[in-house]
1. Quick check on this structure: which one of E122, E71, E118 is outside the structural domain of I154 (by TED's automatic domain parsing) and in a helix (DSSP H, G or I)?
2. Can you tell me which residue among K64, K73, K81 is surrounded by 10 or more Cβ atoms within 10 Å (Cβ to Cβ), out of contact with any Pro (no Cβ under 9 Å at 6 or more places or on another chain) and either closer than 25 Å to V21 by Cβ or touching a residue at least 24 places away in the same chain (Cβ under 8 Å) (or both)?
3. Looking for something modelled with pLDDT under 90 and of a type in the set (V, I, T) - is there at least one such residue anywhere in the stretch 146-165?
4. Consider the stretch 147-172. How many of its residues are closer than 14 Å to V105 by Cβ and either in a loop (DSSP other than H, G, I, E, B) or not assigned by TED's automatic domain parsing to the domain that holds E113 (or both)?
5. For the stretch 25-56, which residues satisfy the criterion of being surrounded by 13 or more Cβ atoms within 10 Å (Cβ to Cβ) and over 19 Å from K4 (Cβ atoms)?
6. Between residues in the stretch 172-190 that are surrounded by 10 or more Cβ atoms within 10 Å (Cβ to Cβ) and residues that are basic (K, R), which pairs lie under 6 Å by C-beta distance while being six or more apart or on different chains?
Amino acid sequence: MANKKEVKQTLKEMGLTEAEVDKLWIELAESGLNSTVAGLHKNGIDWRTLNPSAIKSIKGLMEKCIEQEKEKKAKEEKRQKIEEQSEAAKDFYYANFFDIMYTKVELGLRLNEYEISELVYEHNLKEYEKTSEKLRWTLPVRSIVSDGERYMRIHWDKGLTESQEDMFMDQPEIVTPHTYEKIITVTDWV
């Protein structure tokens, strides 16, 4: 514990007045930047009752705490910026999903199972079932997916029970519609 003479001498060495140290002490205590000072202040302990070396550390503690707070704020701003960029990238990806997938197929790049399933579930134009190949747990299906101008065909297996998931093992292939007239002769037995 410092006496009045030691407190005055310490303040002179620090180049601060009692009012300035009072302000630092209260800022440290109320801001929660330093839990030790906050606890001392909460229990009614004044900085004047500390020893001279502890008094000298108040200014350094404040500067250190302010620096830590700045670093914390900078990290939070950086995290928030990255999150915003990530959201913008996701928005772009989903807004241009079919274009991106079509380009990947054109370039011969493999799509993963998620990408293929998204094409089937979100861009399905027509689904053809191959009933002759019906299996116990799955049904082979051929889907035509489109953005209205371009088309791809995807062969996949539709799960037939609630326990069997749909499976997307084959890669999409680019196709073009070919419309023509087809005459079919049917024999009915009356």
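The values are calculated or read from the model by the stated rules, or taken from the named source; none is laboratory data. These numbers were taken from a predicted model, which means no experiment stands behind them. A quick note on method: Cβ atoms are made from the backbone with ideal geometry, for glycine too, and the neighbour counts reach across all protein chains shown.
1. Working: E122 fails: outside the structural domain of I154 (by TED's automatic domain parsing); E118 fails: outside the structural domain of I154 (by TED's automatic domain parsing).
Answer to the selection: E71.
2. K64
3. Yes, that holds for at least one residue.
4. Just the residues of the stretch 147-172 that are closer than 14 Å to V105 by Cβ, to begin with: 147, 150-155, 168, 170-172.
When the remaining residues are screened for being either in a loop (DSSP other than H, G, I, E, B) or not assigned by TED's automatic domain parsing to the domain that holds E113 (or both), the result is 147, 150, 168, 170-172.
Residues meeting the conditions: 6.
5. Selection gives I26, E27, L28, A29, S31, L33, N34, V37, A38, L40, H41.
6. Filtered contacts from the stretch 172-190: E173/R153; V175/R153.
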